[in-house]
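Data first, discussion second: the structure below is written as structure tokens.
The values are calculated or read from the model by the stated rules, or taken from the named source; none is laboratory data. These figures come from a predicted structure and were not determined experimentally. Here the Cβ is made from the backbone with ideal geometry for all residues, glycine too, and neighbour counts use every protein chain on show.
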Amino acid sequence: MHVLTLVAEGLVGSSLPEQARKWLADHGAVDMETTLLDPERAIDITFRHPEGPNRTPSSSEIRRLCAAHPVDSALQGLEARRKRLLIADMESTVIENEMLDELAEFVGARDQVAAITERAMNGELDFEAALEERVSLLTGLEEDVLRSCLDRIRIDPGAATLVATLKSHGVYTALVSGGFTFFADHVRDRLGFDESRANRLLTSDSKLTGRVGRPILDREAKVRALDELCEKLDLSPDNAVTVGDGANDLSMLKKSGLGVAYHGKPHVAEAADFRIDHGDLSTLLFFQGFPSSEWRT
């Protein structure tokens, strides 16, 4: 059995669910059933494909079908759909900010740093080299500035509901960021993640040295985090949901059972098997079959 999930404002009552059912039927789907996940904006269409999974329509085909509508979709197997581990990127995912850009404002280099950040997240630059270049511009910045930046953190819509709901169902939640421990630990505690991993900004005499502690948490370190947490919890990566927006998230997204590019950079969105282009992070709950009536806030 497979399930197609559609999520969009005003979805229920529109013509799109029936268009999707017809399209699935035209592609050989049988035994279709529609379930409301939310009274207005989310449905599941479960179906069977007699010719086997290799003939089942792909997620990219579904996206093309829905291209004219602001709808997020996920097509996946019904079995083991609810995952046991969440690994989330932090910046531009769980929070709206890029905290290195915020820090750079205090040394008059926000635009310069933001441009490097954008290129790194698009996969145009080596992540480690780009991180070191940006952090070097912060040399001599007072450590107290880090604390003042905490007030700038803007939690992305749906993040608190996502974490609270998954934890209420026994899911282990981890924040794994290429950013910095000072901010990741704060967001971890604020939202209730079970753990956080990030890079360390080095200081001396209460000032930033312009260097990052080793080892640097990069693209491959995120995959190692997935492997380590799966081993710790005695899970397969298929039992994990991962979410992120940048190039350093892509390997992690590709290895997990439900790897979702969240408003991803173009290269990442194109390569990821699952995407959220329109909705907020609570869409991840719909993708796993949690009706809004089961959500925790």
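Residue-wise test of (1) crowded, with 17+ Cβ neighbours inside 10 Å; (2) closer than 16 Å to Thr173 by Cβ; (3) of a type in the set (D, E, K, R).
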residue: Ser204; (1), (2), (3): no, no, no
residue: Cys230; (1), (2), (3): yes, yes, no
residue: Ser236; (1), (2), (3): no, no, no
residue: Ala240; (1), (2), (3): yes, yes, no
residue: Pro266; (1), (2), (3): no, no, no
residue: Ala272; (1), (2), (3): yes, no, no
residue: Ser282; (1), (2), (3): yes, yes, no
residue: Glu294; (1), (2), (3): no, no, yes
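Residue pairs whose Cβ atoms lie under 8 Å apart, separated by 6 or more positions or on different chains, with the first residue in region 215-235 and over 16 Å from Gly246 (Cα atoms) and at pLDDT 95 or above and the second of a type in the set (Lys, Arg) and part of a helix (DSSP H, G or I), are Leu226/Lys255. Residue-level check: of (1) part of a loop (DSSP other than H, G, I, E, B); (2) more than 11 Å from the chain's Cα centre (by Cα); (3) not acidic (Asp, Glu), Leu281 misses just (2).
Scanning region 242-263 for residues that are at pLDDT below 95 and either under 23 Å from His69 (Cβ atoms) or surrounded by fewer than 24 Cβ atoms within 10 Å (Cβ to Cβ) (or both) returns a single hit, Ala247. Within region 1-35, the set of residues being touching a Pro at 6+ places or on another chain (Cβ under 9 Å) and not in a strand (DSSP E or B) comprises Ala8, Glu9, Leu11, Val12, Trp23, Leu24, His27, Gly28, Ala29. Any residue that is without any contact (Cβ under 8 Å) to a residue 24 or more places away in the chain, more than 18 Å from Ile87 (Cβ to Cβ) and surrounded by fewer than 18 Cβ atoms within 10 Å (Cβ to Cβ) - is there at least one of those in region 180-188? No: region 180-188 contains no residue that is without any contact (Cβ under 8 Å) to a residue 24 or more places away in the chain, more than 18 Å from Ile87 (Cβ to Cβ) and surrounded by fewer than 18 Cβ atoms within 10 Å (Cβ to Cβ). Every test in (1) under 19 Å from Ser59 (Cβ atoms); (2) within 10 Å of the chain's Cα centre (by Cα) is passed by Pro266 save one, and that test is (2).
For region 22-42, the set of residues classified as surrounded by 17 or more Cβ atoms within 10 Å (Cβ to Cβ) and basic (Lys, Arg) consists of Arg41 only. Residues in region 36-55 that are outside any helix (DSSP H, G or I) and either more than 20 Å from Arg275 (Cβ to Cβ) or modelled with pLDDT under 80 (or both): Leu36, Pro39, Glu40, Thr46, Phe47, Arg48, His49, Pro50, Glu51, Gly52.
Mind listing whichever residues of region 5-21 are of a type in the set (S, T, N, Q) and buried (at least 18 other Cβ atoms within 10 Å of the Cβ)? Scanning region 5-21 gives a single hit, Thr5.
Are any of the residues in region 193-201 out of contact with any strand residue (DSSP E or B) (no Cβ under 6 Å at 6 or more places or on another chain) and either part of a helix (DSSP H, G or I) or touching a residue at least 60 places away in the same chain (Cβ under 8 Å) (or both)?
There is no residue in region 193-201 that is out of contact with any strand residue (DSSP E or B) (no Cβ under 6 Å at 6 or more places or on another chain) and either part of a helix (DSSP H, G or I) or touching a residue at least 60 places away in the same chain (Cβ under 8 Å) (or both).
Yes or no: region 144-155 includes at least one residue that is surrounded by fewer than 15 Cβ atoms within 10 Å (Cβ to Cβ), touching a residue at least 60 places away in the same chain (Cβ under 8 Å) and over 17 Å from Ala184 (Cβ atoms). Among the residues of region 144-155, at least one is surrounded by fewer than 15 Cβ atoms within 10 Å (Cβ to Cβ), touching a residue at least 60 places away in the same chain (Cβ under 8 Å) and over 17 Å from Ala184 (Cβ atoms), which makes the answer yes. For region 3-29, a residue qualifies if it is closer than 23 Å to Glu79 by Cα and at pLDDT below 95, and the qualifying residues are Pro17, Ala20, Arg21, Trp23, Leu24, Ala25, His27, Gly28, Ala29.
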